[in-house]
Amino acid sequence: MGKQSHKYGLRTVAVVEAVKGVAAVALCVVLLSLLHKDLDSVVDHLTDWLRLNPDSRVADWFYDLADRTTGRGIWTAVSVGLAYSTARFVEAYGLWNELHWAEWFAAISGAVYVPFEVIWLIEHPQWIRLVVLSGNLVVVSYILWILIEDRRERDAEEESAANSEEDG
């Protein structure tokens, strides 16, 4: 089949990875905007904007998170987010340009999440977790299929070259 047949599939995965990278950078910007702010006031505005009952579990979770958040915690989260986004952008670049190492990177980096996604789905069954797990499995399976197909093609080419040398 060849690499050309996978061009659009790889580019689709590359776009998804780039979008994840952009989302991570956007989240980092939001986190940085929270530095030196009264987080309880931020949560007040957020619960008003989301029209949440201030006594709801979600609002309580936001207030608890605000109470536990420190400047150091924000910087740590931003550092992790920037490392994550860098990995997503590198993967997207490699897949877009059909680089072999990027296929391995995509397969491994996608497969790393699968055990955690399965555990989270078992512990807290929700349809969104099932969708995320399914999507991840589709992407990892597709990339693995490409890797296996490429390996078969290389083996066939090597066998053909060896046969040509024997005949010649």
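Consider the stretch 1-40. How many of its residues are farther than 30 Å from Ala66 by Cβ, of a type in the set (A, V, I, L, M, F, W, C) and either modelled with pLDDT of 95 or more or surrounded by 13 or more Cβ atoms within 10 Å (Cβ to Cβ) (or both)?
Final tally of qualifying residues: 6.
Yes/no matrix, rows are residues, columns are (1) β-branched (Val, Ile, Thr); (2) free of Cβ contacts under 8 Å to residues at least 60 places away in the same chain:
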position: His6; (1), (2): no, no
position: Ala24; (1), (2): no, no
position: Leu39; (1), (2): no, yes
position: Val43; (1), (2): yes, yes
position: Ser56; (1), (2): no, yes
position: Thr70; (1), (2): yes, yes
position: Gly81; (1), (2): no, yes
position: Asn97; (1), (2): no, yes
position: Phe105; (1), (2): no, yes
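Give the stretch 46-90 a look and list any residue that's assigned to a helix (DSSP H, G or I), open to solvent by 50 Å² or more (accessible area, probe 1.4 Å) and either closer than 30 Å to Arg11 by Cα or among the polar types (S, T, N, Q) (or both), or say none.
Passing the criteria: Thr76, Ser79, Val80, Leu82, Ala83, Tyr84, Thr86, Phe89, Val90.
Out of (1) touching a helix residue (DSSP H, G or I) at 6+ places or on another chain (Cβ under 9 Å); (2) surrounded by fewer than 11 Cβ atoms within 10 Å (Cβ to Cβ), the odd one out for Val43 is which?
Val43 satisfies every listed condition except (2).
Test Leu121 against the stated conditions and say whether it is farther than 17 Å from Gly9 by Cβ, in contact with a Lys or Arg (Cβ under 8 Å, 6 or more places away or on another chain) and part of a helix (DSSP H, G or I).
For Leu121, the condition - farther than 17 Å from Gly9 by Cβ, in contact with a Lys or Arg (Cβ under 8 Å, 6 or more places away or on another chain) and part of a helix (DSSP H, G or I) - is met.
The values are calculated or read from the model by the stated rules, or taken from the named source; none is laboratory data. Everything quoted here is computed from the prediction, not taken from an experiment. Here Cβ is always computed from backbone atoms with ideal geometry, including for glycine, and neighbour counts include all displayed protein chains. Quick note on the areas: whole protein, heavy atoms, side chains included, nothing else; ligands and nucleic acids left out. Shrake-Rupley method; radii C 1.70, N 1.55, O 1.52, S 1.80 Å.
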